[in-house]
Amino acid sequence: MLQYSDKTVDVAEKKSVRKEQRVKPSISAAIGRAAAAVGMDESAFIVSAAYEKAIAIEKAQFTSVLEQSYFDQFAKAINADGKPVKGLVNAAKRTRGILRDE
């Protein structure tokens with residue numbers, strides 16, 4: 001039996017939202033075979049696989065990876081002294097007293 005674990009078991013929430021989909025028969029059959037191969041019921045398999053993919057997509061959206069040489073150039077650029085931009089300086093002056101950190 002292939003090893004696959006339910007990725008949702010550590011999510012400590014009550015199952016309260018219902019999702020329904022229509023699928024093509026061949027896709028349903030493939031899902032059924034895969035779920036059986038790893039010893040999971042189809043519903044748990046579908047939710048776990050979808051959740052795993054969702055986490056991977058979110059991670060990819062918020063992760064930037066640079067080769068070391070590019071990272072070194074990037075780090076040098078963001079750590080260099082900047083030059084004031086007149087429009088931004090004026091905008092910052094106009095917001096004094098309006099915006100505050102809490």
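Close Cβ contacts (under 9 Å, 6 or more residues apart or on different chains) running from residues in region 16-39 that are free of Cβ contacts under 8 Å to residues at least 60 places away in the same chain to residues that are among the hydroxyl-bearing types (Ser, Thr, Tyr) and outside any loop (DSSP other than H, G, I, E, B) comprise Ala35/Ser43. Among the residues of region 15-48, those that are under 20 Å from Leu2 (Cβ atoms) and among the acidic types (Asp, Glu) comprise Asp41, Glu42. I'm trying to understand the selection: among the residues of region 45-102, which are among the aromatic types (Phe, Trp, Tyr) and over 30 Å from Val9 (Cβ atoms)? Selection gives Tyr70, Phe71, Phe74.
Taking the criterion of being surrounded by 10 or more Cβ atoms within 10 Å (Cβ to Cβ) and charged (D, E, K, R), the residues of region 1-32 that qualify are Asp6, Lys7.
Yes/no per residue for (1) of a type in the set (Ser, Thr, Tyr); (2) at pLDDT 95 or above; (3) surrounded by 10 or more Cβ atoms within 10 Å (Cβ to Cβ); (4) out of contact with any strand residue (DSSP E or B) (no Cβ under 9 Å at 6 or more places or on another chain):
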residue	(1), (2), (3), (4)
Ile46	no, yes, yes, yes
Lys59	no, no, no, yes
Leu66	no, no, yes, yes
Lys83	no, no, no, yes
Arg96	no, no, no, yes
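If you go through region 75-90 one residue at a time, do you hit one that is touching a Ser or Thr at 6+ places or on another chain (Cβ under 8 Å) and not polar (S, T, N, Q)? Spell out how you get there, then give the answer.
Narrowing region 75-90 to residues touching a Ser or Thr at 6+ places or on another chain (Cβ under 8 Å): none.
No, that holds for no residue.
The values are calculated or read from the model by the stated rules, or taken from the named source; none is laboratory data. A quick note: this is a predicted structure, and the numbers were derived from the prediction, not measured. In this analysis, Cβ positions are derived from the backbone assuming ideal geometry, glycine residues included, and neighbour counts consider all displayed protein chains.
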